[in-house]
1. For region 121-143, enumerate the residues that are under 22 Å from Lys210 (Cα atoms) and surrounded by fewer than 19 Cβ atoms within 10 Å (Cβ to Cβ).
2. Taking into account only those residues within region 43-75 that are farther than 22 Å from Asp219 by Cβ and of a type in the set (Ser, Thr, Tyr), which is surrounded by the fewest Cβ atoms within 10 Å (Cβ to Cβ)?
3. Check region 78-96 and report whether any residue there is basic (Lys, Arg), modelled with pLDDT of 80 or more and out of contact with any Gly (no Cβ under 9 Å at 6 or more places or on another chain).
4. Can you name the condition, by its number, that Lys79 falls short on among (1) assigned to a loop (DSSP other than H, G, I, E, B); (2) surrounded by 17 or more Cβ atoms within 10 Å (Cβ to Cβ)?
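The values are calculated or read from the model by the stated rules, or taken from the named source; none is laboratory data. This structure is a prediction, so every number in the text was calculated from the model and none was measured. Note: ideal-geometry Cβ built from the backbone for every residue, glycine included; neighbour counts use all protein chains shown.
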Amino acid sequence: MTVYKSHALKTWAVEERPREKVMANGVQYLSDSELLAILLGSGTKNITAVELARQILTGTGNNLHELGRQTVGDLLRIKGVGPAKAISVLAAMEIGRRRAGMHHIKKIPVKSSETVFNLFHPLVGDLEHEEFWLLMLNRANRVLGKFKVSQGGLSGTVIDTRIILKKALDNLASSIIVCHNHPSGNNQPSDADVKITEKLKKAAEMLEIKLLDHIIIADKSYFSFADEGLIL
């Protein structure tokens, strides 16, 4: 008779258990596949969680950045990955994205478009949908806070200048920078991007708030309206 062999983490040999490795040596000593295996919790009847994790990573070129771009649907197409496993992976990717986005933000003086890119790329650089964000600054160009204005689809998101300016006023911002991503990978501004920038600039000036820049992030590159002389 064939003996059923469980592939749950707790049934593995001690030296093969990622959780025990964490307790013994620390989480930093685990491989990407072992970390992912902990999130998955178990494998299937035929493979362990680590083996399943390796399959998932292989499908993304062993690139955690690409793993962060996966959707629930993408993960569900992998044999052995159900909704619970897929959601656990996506939740971990989102926590990592938000942690990277914090970056002691309120202590940072914003000196250039590169600073803004470094602040927002962890938040929006690998998304498959557009998000529009507001960065609020004091007179010394130090960050007062950031705020997600809207979220849209693959090709755009709706922007309400009233929401942006109300948030800036509530936080006593002297100046603002807006930022959004292009999931297409093209960092060039659309006609709509140019129009909303000009509209926001004029509206902000009426409230004595200066729009310093509008940054478009596309994967690992960005476009700065200020750097290109489109905001004076």
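1. We begin by selecting, within region 121-143, every residue under 22 Å from Lys210 (Cα atoms); these are 131-143.
Hits for region 121-143 are Asn138, Arg139, Ala140, Asn141, Arg142.
2. Filtering region 43-75 for residues that are farther than 22 Å from Asp219 by Cβ and of a type in the set (Ser, Thr, Tyr), the one surrounded by the fewest Cβ atoms within 10 Å (Cβ to Cβ) comes out as Thr44.
3. Just the residues of region 78-96 that are basic (Lys, Arg), to begin with: 79, 85.
Subsequent filtering for residues that are modelled with pLDDT of 80 or more retains 79, 85.
Narrowing further to those that are out of contact with any Gly (no Cβ under 9 Å at 6 or more places or on another chain): 79.
Yes, region 78-96 contains a residue that is basic (Lys, Arg), modelled with pLDDT of 80 or more and out of contact with any Gly (no Cβ under 9 Å at 6 or more places or on another chain).
4. (2)
Residues checked against (1) under 21 Å from the mean Cα position of the chain (by Cα); (2) over 19 Å from Leu127 (Cβ atoms); (3) surrounded by 20 or more Cβ atoms within 10 Å (Cβ to Cβ):
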| residue | (1), (2), (3) |
| --- | --- |
| Val158 | yes, no, no |
| Val178 | yes, no, yes |
| Gln188 | yes, no, no |
| Lys199 | no, yes, no |
| Ala204 | no, yes, yes |
| Leu211 | no, yes, yes |
| His214 | yes, no, yes |
| Asp219 | yes, no, no |
